[in-house]
Amino acid sequence: MSDRTTETPPSFEGAELSVLQGARQLIAACLPTIFLSTHGQEVHRECLSLLQQWGYRCVPIIGDDVATTRESLCRPVSQG
């Protein structure tokens with residue numbers, strides 16, 4: 001048996017919006033930078049809309065268009 005610990009990032013494929021909604025109070029209190037990776041155009045659009053309502057600005061990590069990329073960097077507007 002190994003003593004090594006491995007960490008795996010959580011995967012929320014298709015449930016990204018539910019995860020954001022469930023973390024609403026934590027996000028409001030801490031205003032973290034969010035790396036958003038979505039699986040599906042509709043959930044992507046819904047996540048972006050929710051984050052914008054919460055005062056976040058999202059920019060694409062891959063590509064030039066936040067509306068069509070799957071991966072975005074989202075920061076509270078107060079942090080630039």
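The values are calculated or read from the model by the stated rules, or taken from the named source; none is laboratory data. Remember, it's a predicted structure, so these values are computed and weren't measured experimentally. Accessible surface areas use protein heavy atoms only, side chains included; no ligands, DNA or RNA. Shrake-Rupley method; radii C 1.70, N 1.55, O 1.52, S 1.80 Å.
May I ask you to rank H44, H39 by accessible area, largest first, using a 1.4 Å probe over the protein chains only?
Values: H44 0, H39 70 Å².
Largest to smallest exposure gives the sequence H39, H44.
Taking amide H positions as placed 1.01 Å from N in the peptide plane, with prolines and chain starts having none, which residues 5 or more places from I61, or on another chain, fall under 5 Å of its amide H?
E71, S72, L73
Amide H neighbours of Y56 under 5 Å, counting only residues 5+ apart in sequence or on other chains, H built in-plane at 1.01 Å?
Correct list: V77.
Using θ = phi - 60° and the Karplus curve 6.51 cos²θ - 1.76 cosθ + 1.60, what whole-Hz ³J(HN,Hα) does each residue of the stretch 56-64 get, with Gly and Pro shown as x?
For the stretch 56-64, the Karplus-derived couplings read 9, 10, 10, 10, x, 8, 10, x, 10 Hz, x marking Gly and Pro.
What is the extension gain from W54 to T68, computed as 0.36 nm multiplied by their sequence separation minus the C-alpha to C-alpha distance, in nm to one decimal?
In short, 3.0 nm is gained.
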